[in-house]
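**Q** Structure incoming, see below.
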Amino acid sequence: MTIAATAALLTGTVVATVSAQGGDRSASLSAAAVQRDGKTSARAAASCWAIKQQFPSSTDGIYWLQTPKLIAPDQFYCDMTTDGGGWVLVGRGRQGWNFAFPGQNGAASVRNSPTGTAAFTPATLPAKTIDGLLNGHTVDDLPDGVRIRRATDAGGTKWQNMLWKFQKAAPWSWTFDADPSHPLSSVSFDGTDYSGGNTRQVTKDSLLRPTHGFYTFETKQNSWQRGFSYRSYVTAGDNSPTSYLWRSGVSGGNTIPFAQVWIRPKLTDLQYPAVPDSGTPSASEKPLMSNKTSGGAWGVTGVVSGGTGEAHLEVQGMAVSGNTMYVGGEFKYVQKGASPASGEKVEQSYLAAFDTATGEWKSSFRPKLNGGVWDLQVAGGKLIVAGEFTKANDAANTTGLVALDLATGKNAAGWQANVTNSTGGAAMARALDLQGDWLYVGGNFTRIAGGNPIGSPISVGRAARVRVSDGKPDGTWKPAFNGSVMELDANPTGDRVYYSGYFTSVNSKPARKIAVIGTAAPAVQVAGLDDQNWHPSTPTVDKQYQQIIREFGDKVWVGGSEHVLSAYTKSKFERLHTVIAKTGGDFQAAVEINGIVYASCHCYNFLYHDGDAWPTPTTWSQIQSINAVGAFDGKTAEPVSDFLPSIATRAGNGPWEMTKDAQGCMWIGGDINRGSWLSTGYQWAGGFTRVCQQDATPPAKPTDLKVASDGGGVKVSWKAPAENEGVKYEVIRDDRVIGVTAGWHLDVTEPGGNYWVRAIDAGGNRSASTAVASP
């Protein structure tokens, strides 16, 4: 941030360049004459501080605030008393904070129940809303830091004020409990200042001053509840529903007090970009998947081998054909719901099919395999199955590979291939991808045979390609890897295939767990993209393996151990962006849908942007939350923190496959056993679930805007298109939104002004606005 910008926030004035954007109306703001006391949406102020400065008698309560980054005015609770007032409440609660980017329990809960026993269940504003209150500034710019007000007695009559001042310039993040966490330049307890510290924990003068410390992370002794806990030196409190000091009752548990989180951005006069006379264009939100699952009634359960760990999961592979999703793994049963009735738990091991529209199990598809499935590919009107089975439907020559009929699951006529291994361990085909007339295969095998009739085996080095039509391998194209292949991606343009795995060389040349092989025979590494040009994401870590390797557009995404995901340029393999997940596990699968890249991992806590090392990053740009699947902008490679799906797993191994169906939903498979909260409980999931795309289509534009003087004010009316059922309308006056209504008119108390109207739907998509109208 520039010195001028920082000074603007400190002094309370932000000046933005205003452009008419092609309009012929003056860009001057007549809204300056409006009394911005925050009492109505049309009189929204830039901050609680601005209201207090202009109207010193303002008392604690709910006020309307608005900034250019917030766009529309909204209501917030302001503390107009403490230390001169002007504080805005961004979160409050006792135990159970989730510290998540999307916020917790709704903004209305924050403002309507700022304190009292009704406020004990934590509620926080979304990080995006807090960034809007900061109007593009970062948390380190706040001159007063972040204030945490904590109860110090069980009755809620005594309080402590902590002030945190942040070191790093970053957008708002609720990840206070990260480890390592956000560094603080100082922390103060009721005016006693200490240098240093972080948002995860601070202990200062604990024996003499027992309340001069805190920790925000969850512990077993605190029943895995987060909050702004006192250290062990404070022992007051209990787990009653009325105590402002909560203790879990578990031996060794510490007190978690009711707390409020406040910030005080000192914004006063804000200028808004001028709206041209022709109006504003439509605007869509990012085409993200929903955080809520839409799983069907059926799933898969059990592990045939009884094995544990990430090599023994219910789901490892998925493929879609029309309205059918094929699901493979090591599951034993297909099952309907958590408590299946008679006939609703059926033994159908390793491979099954489900209707993508209804989620119903397709009982007509009944293949018989004797081992696990690792990958699936629809090719040439058949389902190609890769795994560690030795027989498919009791047929010979089906070790590791088979082609099945899409409807019945019987072996497809005219196609045969199988693999064997002479280097130790079971022969296994682990990864498949289709490119033109070739099906690329990777895994742990040293010979492959195929064709119709089947030919003699040819020697290979854990990778091969076979004809889609009959399974015959190409004996002229044989890259030789010295370790197992975990994943491969044959790119759409047909010139290369990407590989990842445990190998360290290909064709006896160095390859640090990834390789880019040209598709022309013989199979050699693409010039300039060999080991000498790959810049690993975390050079201090000896990575055990890489798994994700996918080309999306002009980037290649690489992920695996140790908890690293990076985006590289396709042309030179230059690293663009890296994230490190902690605590948790490696990245395992990736898919691109509508310009957003989704990557899965067995990680459920934090993402360190631009992290430099694992397990303890020492530098990073910001910390955000992740829960098993993260979203990333396909153009910038930056994480999209709005996506935080509500899923849980049986054993913590996470999703190992993701794919898109014909309805535009993303299926997520692994050891998934729970989806989103429904009205009475969490949605059951058997091995997989799905999330569907949020609406990213702007609503229709309103028409026939009329603005008429009405006494001392203005009456604004318009016509709503018939298709706009359930949307609301933003009324713009003099370049800023002054009201949002579900109706088709708005009465404004102030005279004059220039007006526009546009529609906004529940997903935040905005229509184009009307042209300007005046009384």
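Bear in mind that the values in this text are calculations on the coordinates, not laboratory data. Computed from a prediction, not measured in an experiment: that's the story for all the values here. Note that each Cβ is placed from the backbone with ideal geometry, even for glycine, and that neighbours are counted across all protein chains shown.
**Q** Gain in length, SER240 to GLN663, computed as 0.36 nm per residue apart minus the alpha-carbon separation, to one decimal in nm?
**A** Working: separation 423, 0.36 × 423 = 152.28 nm, distance 4.76 nm.
Between SER240 and GLN663, full extension yields an extra 147.5 nm.
**Q** Multiply the residue gap between THR619 and THR697 by 0.36 nm, knock off their C-alpha separation, and tell me the result in nm, one decimal place.
**A** On the way: separation 78, 0.36 × 78 = 28.08 nm, distance 3.87 nm.
Residue separation times 0.36 nm, minus the Cα-Cα distance, leaves 24.2 nm.
**Q** Please work out the Cα center distance from region 118-177 to region 92-108, rounded to the nearest Å.
**A** One Cα centre to the other: 12 Å.
**Q** For region 262-270, just list the computed ³J(HN,Hα) in residue order, Karplus coefficients 6.51, -1.76 and 1.60, θ = phi - 60°, integers in Hz, with x standing in for Gly and Pro.
**A** Result, ordered by residue: 10, 10, 9, x, 8, 8, 10, 8, 10 Hz.
**Q** Of the peptides 569-578, 724-733, 338-347, how do they stack up when ordered by the mean number of other Cβ atoms within 10 Å, highest first?
**A** Order by mean packing, descending: 724-733, 569-578, 338-347.
**Q** Here's something else I'd like to know. With the Cα gyration tensor of region 169-263 giving a ≥ b ≥ c as the square roots of its eigenvalues, does the rule (a/c under 1.5 for rounded; else a/b larger than b/c for prolate; else oblate) give rounded, prolate or oblate?
**A** On the way: a/c = 1.81, a/b = 1.39, b/c = 1.30.
It is prolate, given that a/c is not under 1.5 and a/b is the larger ratio.
**Q** Counting only residues 5 or more places away or on other chains, whose amide H sits under 5 Å from the amide H of GLY295 once H atoms are built in the peptide plane?
**A** Under 5 Å from the amide H of GLY295: ARG690.
**Q** Could you give the size of the charge dipole of region 3-263 about its Cα centre, using +1 on the Cβ of each K and R and -1 on the Cβ of each D and E, expressed in debye and rounded to the nearest 20? List each step's numbers first, then the result.
**A** Values: 23 positive and 18 negative charges, 55 e Å.
Computed charge dipole of region 3-263: roughly 260 debye.
**Q** Let me ask something else about it. Placing +1 at every Lys and Arg Cβ and -1 at every Asp and Glu Cβ, with all other atoms neutral, what dipole size does the chain have around its Cα centre, in debye to the nearest 20?
**A** 720
**Q** Please list, by residue number, everything in region 200-229 whose backbone N is under 11 Å from a paramagnetic label point 7 Å out along Cα→Cβ of ASP179.
**A** In region 200-229, the label zone of ASP179 (backbone N under 11 Å from the point 7 Å along Cα→Cβ) covers 201, 216-220.
**Q** Taking the Cα centre of each part, how many Å lie between region 489-532 and region 210-235?
**A** For region 489-532 versus region 210-235, the Cα centre distance is 51 Å.
**Q** Using 0.36 nm times the number of residues separating SER469 and ASP495, minus their current alpha carbon distance, what extension gain do you get?
**A** Working: separation 26, 0.36 × 26 = 9.36 nm, distance 2.05 nm.
7.3 nm is the gain from fully extending SER469 to ASP495.
**Q** Distance between Cα centroids, region 407-466 to region 716-765: provide it in whole Å.
**A** A separation of 61 Å, based on Cα centres.
**Q** Report, by chain and number, residues whose modeled amide H sits under 5 Å from the one on LEU404, excluding near sequence neighbours (fewer than 5 apart, same chain).
**A** LEU383, ILE384, VAL385, ALA412
**Q** Only bridges with both residues in region 419-549 count here: give the DSSP antiparallel percent, nearest 5. Let's see the in-between values first.
**A** Working: 31 of 32 bridges.
Around 95 percent antiparallel, to the nearest 5.
**Q** Right, another one. Using mean Cβ contacts within 10 Å as the protection proxy, how do 388-395, 639-646, 276-283 order, highest first?
**A** Details: 388-395: 18.8, 639-646: 21.1, 276-283: 16.6.
Going from most to least packed, we get 639-646, 388-395, 276-283.
**Q** Using a 7 Å offset from the Cα along the Cα-to-Cβ direction at both LEU576 and SER232, what is the distance between the two label points in nm, to one decimal?
**A** For the pair LEU576/SER232, the computed spacing is 4.9 nm.
**Q** Whose amide H sits under 5 Å from the amide H of VAL640, counting only residues 5 or more places off or on another chain, with H placed in the peptide plane?
**A** For VAL640, the qualifying residues are ALA631, PHE632, ASP633.
**Q** Another question, if that's okay. 222 nm [θ] for the chain, helices only, -39500 (n - 2.57) per DSSP H run of 4+, per residue, to 500? Walk me through the intermediate numbers first.
**A** Working: 4 runs with 30 residues, N = 775.
So the calculated ellipticity at 222 nm is -1000 deg cm²/dmol.
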